[in-house]
1. Quick query: amide H of N304 versus all other amide H atoms, modeled in the peptide plane; which residues come in under 5 Å with a sequence gap of 5 or more or a different chain?
2. Is there a pair in K365/K410; K167/K264; K93/K127; K264/K410; K365/K463 whose C-alpha atoms are over 28 Å apart, and which pairs would that be?
3. Can you list the aspartates and glutamates whose alpha carbon is less than 14 Å from that of K367, not counting same-chain residues fewer than 8 positions off?
4. Please state the charge dipole magnitude for the range 314-420, taken about the Cα centre, from unit charges on C-beta atoms (+1 on K and R, -1 on D and E), reported in debye and rounded to the nearest 20.
5. Quote the FRET efficiency, to the nearest 0.05, computed for V120 versus S97 with a Förster distance R0 of 25 Å and r equal to the Cβ-Cβ distance.
6. Working from Cα positions, state the angle (0 to 90°, nearest 10) between the long axis of helix 383-393 and the longest principal axis of the chain.
7. Going by average Cβ density within 10 Å per residue, which order do the peptides 283-293, 338-348, 38-48 take, highest to lowest?
8. What aspartates and glutamates does K493 reach when the alpha-carbon gap must be under 18 Å and sequence neighbours fewer than 8 apart in one chain are set aside?
Amino acid sequence: MTLPFLKKKSTKEELSSPTPGQKDLAQTLPAKDIIAPEQISVEFGHIQIGKSLYRSYFVANYPRFVTANWLSPLINFDHSLRVSMFIYPVDSKSILSDLRRKIAEMEAEMSTDIQRGRIVNPSTQAKLEDALSLQDQLVKGIERYYQFGLYVTVPADEYGELNQVSKEVSSTLGSLLISAIPSTLEQTQGFQSTLPVCIDHMLVTRNMDTTSLATTFPFTSSELTSNEGIMYGLNEHNGSLVIFDRFSMENANSVVFAKAGAGKSYLVKLEALRSLMFGTEVIIIDPENEYKALSDAVGGEYINFSFNSTNRINPFDLSSLTQYSDENELNLKILSLHSLFKVIMGNLTPSEEAILDRALVLTYKMKGITLDPETQKKTPPLMEDLYKSLLGMEDRESRSLSDRLEKFVKGSFAGIIDQPSNVNLKNPFTVFSVRDLEDALKPIAIFIILDYIWTRMRRDLKKRLLIVDEAWYLMRSPDSAAFLYGIAKRCRKYFLGLTTVTQDVEDFLGTDYGKAIVTNSSIQILMKQSPAAIDRVAQVFYLSEGEKHLLLAADIGEGLFFAGNNHVAIRCVASPEEHQLITTRPQDILKQRTAAAAATVTPAPPKINIPVVPNTFDPSTPPPSLRLVPTPTPPTLADQI
């Protein structure tokens with residue numbers, strides 16, 4: 001359909017020297033006829049204005065769950081689009097009456113199905129839950145009610161380009177679970193609705209509350225890019241880099257939650273490697289021997305704790321910190337030892353705690369160490385000295401305590417925690433491995449290592465990262481969990497950032513100390529979660545339904561990166577060289593070992609090209625006689641003399 005206008009096409013000469021009649025015409029015609037195109041051609045599926053083609057869509061169906069900036073693929077589409085959004089506030093009173101009627105209809109329908117023995121329609125049940133939730137929020141004033149209309153117009157210069165771009169737009173909207181329908185036979189109304197005149201000619205709307213409407217805000221761009229820091233990955237909202245300095249926050253602590261195989265150790269190792277490049281000291285507690293290749297590559301120190309290893313840490317070591325601290329080191333050490341022995345011995349009665357305290361004071365006194373700071377520089381006692389002190393008390397409680405310690409002094413666990421310290425933190429990249437210890441000893445060893453690191457770390461002020469992998473080992477005991485929480489709360493004073501990594505979300509968040517560690521961590525990284533743990537994670541981190549689905553469907557290395565009040569969807573990326581150092585996938589490790597083995601194989605001897613001699617044999621000529629040529633004998637030493 002063609003709609004001609006009264007405007008006559010003019011040449012450049014006519015425009016440059018208008019006739020008197022044209023002057024009169026320009027004065028009498030309205031301004032819109034002067035700037036309007038020659039004609040508009042309206043077809044079933046598009047509209048043509050001059051040489052430009054346009055196809056308009058209206059959105060009829062929306063997804064059930066959305067997240068902030070969910071329309072970003074449409075707003076950032078790689079082609080010019082005209083997008084219009086119309087918002088109509090609705091009076092809550094009228095909506096409440098309509099909701100009550102609709103709720104009554106759905107409840108009656110479900111009741112009828114139950115009485116007749118039918119299966120309740122899941123769609124009706126979901127709609128009823130949404131209606132009841134919306135009714136509750138409208139009554140309390142938490143939400144308001146709106147009508148929302150969304151229209152898209154695709155411009156193009158050629159018909160083939162129009163069809164191609166229209167397919168891409170439909171596919172993009174389809175990936176967002178949006179049904180975009182061409183405004184067939186209403187292309188004029190669709191085009192006019194996307195003009196910047198704020199008039200809705202289509203009136204195709206959907207009900208939305210305040211929260212849902214806020215997610216459609218088209219200019220939201222989640223950015224976590226700063227001028228300083230390290231790169232954690234790519235922002236999946238807009239493809240930008242997530243560059244962040246964790247020491248710029250109020251504290252430098254972070255927590256990483258993910259199921260096994262989701263890439264949490266990969267991300268942590270990548271952060272440690274890049275932090276080391278910027279002069280940050282890194283100390284890692286490794287329960288599964290995952291950081292050895294990285295430690296060897298950067299020239300770090302790998303300290304293995306096992307029965308066969310010579311590395312030892314004395315839990316009674318004071319580390320001679322009195323010259324660096326105003327606190328009384330002996331009192332702090334005895335308090336720390338109380339927590340350690342609760343991890344070793346289990347729950348203690350008040351009488352046993354009192355006896356243990358007297359035995360600890362006596363043990364240090366036997367070595368000449370008292371509250372006097374000068375005496376605290378002497379050689380500290382060992383576990384055997386405490387065992388002897390308990391035996392010397394000769395009462396039932398002390399005998400019980402000494403029996404529990406005996407296996408660490410004379411029994412099967414002897415040699416692990418009853419020797420003098422021979423470990424020194426001098427390397428900028430240090431890894432403590434406890435893989436070769438029994439599971440019963442791992443929490444004890446990790447506690448002693450943490451206490452040793454925490455004590456030595458207060459000697460000087462440096463930028464450090466302390467990474468505790470598989471932190472759920474410490475969350476099993478309230479005392480070790482309290483000790484880890486104490487480090488998280490106080491490490492900011494010593495320029496230390498604590499990173500706790502765990503795959504057992506229930507064990508970590510099941511205690512008040514675990515929740516407190518999360519609260520005292522400025523950075524939280526959530527990666528792929530199991531359906532059994534997602535509800536608990538969503539409750540702690542206040543995740544929306546869309547974010548819950550994102551974590552359930554996340555690929556390896558993908559997740560949510562929380563930094564203060566901001567959070568983005570992130571994808572961890574590494575260079576090929578970094579990947580070889582930090583990967584723990586069995587396929588990659590086997591490939592690396594195969595390549596290394598192939599490189600060490602003795603090369604095959606070089607091939608010798610034998611020249612082809614032409615056949616000159618003459619039958620009339622007798623063959624040459626064959627004779628054996630003796631092999632020359634190498635000269636002997638007498639011949640050489």
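Rule-based calculations on the coordinates, nothing more; no lab input. This is a predicted model, so every value here is computed, not measured. Backbone-built Cβ (ideal geometry, glycine too); neighbour counts: all protein chains shown.
1. Those lying under 5 Å, H to H, from N304 are S433.
2. Details: K365/K410 23 Å; K167/K264 38 Å; K93/K127 20 Å; K264/K410 40 Å; K365/K463 36 Å.
Table pairs above 28 Å Cα-Cα are K167/K264; K264/K410; K365/K463.
3. D317, E384, D385
4. For this selection, approximately 280 debye.
5. With a Förster radius of 25 Å, E is 0.45.
6. Result, in degrees: 70.
7. Descending mean neighbour count gives 283-293, 338-348, 38-48.
8. D245, E250, E281, D326, E327, E329, D451, D460
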